[in-house]
Amino acid sequence: MIRTYYIRKATAKDLDGIFAVINLNLDDYFAPEAIGFFLSQWPEGQFVAESFTGRIVGALCAAKLGGNRASVSLLAVDSSVRGHGAGSSLLDALRRTCMMEGVSTIQLEVRTTNSAAIDFYRRRGFAIAETLPHYYNDGGDGYRMVSATYGRNISPS
């Protein structure tokens, strides 16, 4: 498989591109201020997949939590590169950062009805830790999924 993108840390210049890929590929709306918050809260935990033409085709926004934990707050990959490893590569980049910073656990939330995402995360070492009734704004239920930072062999960059 030929990669048509590369992974790098996100910067403030990427806000528009991150905003676009997240809001075009996720079910909920996320304001630009939310993405800016993640960049200011933990700059090292924000990544983009950028095409060789300069377009952002994937983004991962993470937050550093207490107790040696991090949370994947947003992960979106454009349909044009979905299935080509961009989501896995973004998670691998976060895992490397977490290992370097002594973060031992990564968690995330996913809709209980999103079987494709649940399967994606399971294949990458995440397990359902709890059910979150009425977690989403529309009343939808969620799962919290958790993985050890070392829960998957990461691929070289």
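The values are calculated or read from the model by the stated rules, or taken from the named source; none is laboratory data. Since the structure is predicted, the reported quantities are computational estimates derived from the model, not experimental observations. Glycine also receives a Cβ, built like all others from the backbone with ideal geometry; neighbour counts cover every protein chain displayed. Keep in mind that these areas ignore ligands, DNA and RNA; they rest on the heavy atoms of the full protein, side chains included. Shrake-Rupley method; radii C 1.70, N 1.55, O 1.52, S 1.80 Å.
Quick one: with all protein chains in place, what share of the accessible area of segment 66-157 is carbon or sulfur, to the nearest percent (1.4 Å probe)?
Answer for segment 66-157 is 48 percent, counting heavy atoms of protein chains only.
The calculated 222 nm mean residue ellipticity attributable to helices in the chain amounts to -8500 deg cm²/dmol, summing -39500 (n - 2.57) over DSSP H runs of n ≥ 4 and dividing by all residues. Label sites at Gln41 and Ala148, each approximated as a point 7 angstrom past Cα along Cα to Cβ, lie 2.7 nm apart. Between Lys13 and Arg69, the contour length at 0.36 nm per residue exceeds the alpha carbon distance by 17.5 nm. The residues of the chain expose on average 51 square angstrom of accessible surface per residue, using a 1.4 Å probe on protein heavy atoms. Here are some values of P(r) over Cα pairs in 5 Å bins from 0, in percent: [x] 2, 10, 21, 25, 22, 14, 6, 1, 0; [y] 2, 9, 19, 23, 22, 17, 6, 1, 0; [z] 2, 7, 12, 17, 17, 15, 14, 9, 5, 2, 1, 0, 0. Which one was computed from this structure? The value matching this structure is [y]. A 1.4 Å probe, protein heavy atoms only, puts the accessible area of Thr53 near 130 Å².
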